[in-house]
Structures are given as C-alpha cells and as structure tokens.
Amino acid sequence: MTSQPHEDLAAAVLEMLPDGPVEVTGEGATAETVRRLLGGRSAGEAPPRAVVETTGTAAGIAAALERVASGGRVVVAAPVADVPAFDTYSELHVRGLELVVVPS
C-alpha cells in the first residue's frame, strides 16, 4: 500500500520536532495527520516548544513565530505562499528561534 503525500510530509515533520509540547496550526490532511501522530504532545496554554504551521500563509507563519516559546522551532509544512515581513535579528536570533521549511 502506498502512503499518501501528506503522510510522508507529516513523517518528515515529526523528525524535525524537538522534545516537548507541539502546537499544530491549520486544517487539512497534513495538519490532521501530524496531530494524530503526535498523540499527547499537543501544547496547552503555555507557549509550545515547537509550532507546525500548515497553511503556508504570511499570517500563519507570523502567528507561529509569535506563539512559539523562546528557543523553539517553527516548522512550515506547506508551500509558502508569501513570506511575512519580520526582523530576523530581533524575532529569530534574539529569541533563539529556528524557522524550518519542509519541502513539500
């Protein structure tokens, strides 16, 4: 049986996630598959250690960068429609964030 493309993408995303709570944004097959594979690792009210962003929109990426905990990682698991305007020094470097785009 051949896996669906979103399942392969979700598997690649899981390999990029640090330990700790994870928040998945967006809807659709990739988001639902990542949520299912994460099991109980979803984030509560505290900022998550990682955010998986599945919309690829500038607004979605910007929101993920705001939401993730300092020292955390944002994994974009969708084709990027538009890159948000942000200051890489203050928003990535100072907070110690990693921004990773998974090829889709």
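The values are calculated or read from the model by the stated rules, or taken from the named source; none is laboratory data. Because the structure is predicted, anything quoted here is derived from the model rather than measured. Glycine also receives a Cβ, built like all others from the backbone with ideal geometry; neighbour counts cover every protein chain displayed.
Of the residues making up region 67-104, those that are within 12 Å of the chain's Cα centre (by Cα) and assigned to a helix (DSSP H, G or I) number 1.
Kindly indicate whether ARG49 is surrounded by fewer than 18 Cβ atoms within 10 Å (Cβ to Cβ), under 13 Å from the mean Cα position of the chain (by Cα) and at pLDDT 90 or above. Show your work before the answer.
Details: surrounded by fewer than 18 Cβ atoms within 10 Å (Cβ to Cβ): no; under 13 Å from the mean Cα position of the chain (by Cα): yes; at pLDDT 90 or above: yes.
Against the criterion (surrounded by fewer than 18 Cβ atoms within 10 Å (Cβ to Cβ), under 13 Å from the mean Cα position of the chain (by Cα) and at pLDDT 90 or above), ARG49 does not qualify.
Inside region 16-40, residues that are over 18 Å from GLY60 (Cα atoms), at pLDDT 85 or above and under 10 Å from the mean Cα position of the chain (by Cα) make up a count of 0.
Looking only at region 28-60, residues that are more than 18 Å from ALA12 (Cβ to Cβ), part of a helix (DSSP H, G or I) and either of a type in the set (A, V, I, L, M) or in contact (Cβ under 8 Å) with a residue 40 or more places away in the chain (or both) come to 2 in all.
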